[in-house]
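To keep things clear, I will list the structure first and then write my remarks on it.
What follows draws every value from the coordinates through simple rules; no lab data is involved. Just so you know, these numbers come straight off a predicted model, no measurement behind them. With ideal geometry, Cβ positions are generated from the backbone for all residues, glycine too; neighbour counts draw on all protein chains shown.
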């Protein structure tokens with residue numbers, strides 16, 4: 001029964017994310033949570049403060065204006081004090097000329113008592129870098145900026 005409620009909650013979070021309600025999404029993180037995105041691009045790196053996580057979602061909204069996520073599968077395991085959630089997704093987003101810039105990936109979320117303590121995002125980073133380059137060439141300066149992160153040496157691929 002608990003896993004049912006977690007899946008329902010995750011669906012609500014994705015619904016709000018797809019509506020651009022990033023403040024709601026940021027509030028789902030526990031204090032000191034880790035928000036991490038694989039790769040080496042404007043959205044990559046790790047963040048551990050609400051301010052940097054909020055800044056990351058602001059950047060996401062600027063770079064991929066109108067992005068929507070379609071969840072393909074949700075897997076939940078564990079107990080309320082240590083819950084693991086895996087979400088397979090595809091995104092729906094267009095460049096500034098209306099051309100699709102699709103990608104797909106997986107979110108791996110660790111939760112404690114209903115709040116995210118870790119969010120790791122994995123997608124086709126090669127495709128993402130192409131999409132960011134297209135947007136940068138169309139004048140979206142945020143698409144070409146350095147990652148928003150608090151300590152580049154803590155990225156999982158460097159550990």
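Inspect all residues belonging to region 120-127 and state whether any of them is within 16 Å of the chain's Cα centre (by Cα), within 14 Å of residue 69 (Cβ to Cβ) and free of Cβ contacts under 8 Å to residues at least 60 places away in the same chain.
no
With the condition being over 16 Å from the mean Cα position of the chain (by Cα) and free of Cβ contacts under 8 Å to residues at least 24 places away in the same chain, I'd like the helices (runs of 4 or more DSSP H) fully within region 1-113 carrying at least 2 qualifying residues.
In region 1-113, the matching helices (runs of 4 or more DSSP H) lie at 2-18.
Looking at region 89-114, which of its residues are exposed (fewer than 14 other Cβ atoms within 10 Å of the Cβ) and either more than 30 Å from residue 139 (Cα to Cα) or in contact with a helix residue (DSSP H, G or I) (Cβ under 6 Å, 6 or more places away or on another chain) (or both)?
Passing the criteria: 113, 114.
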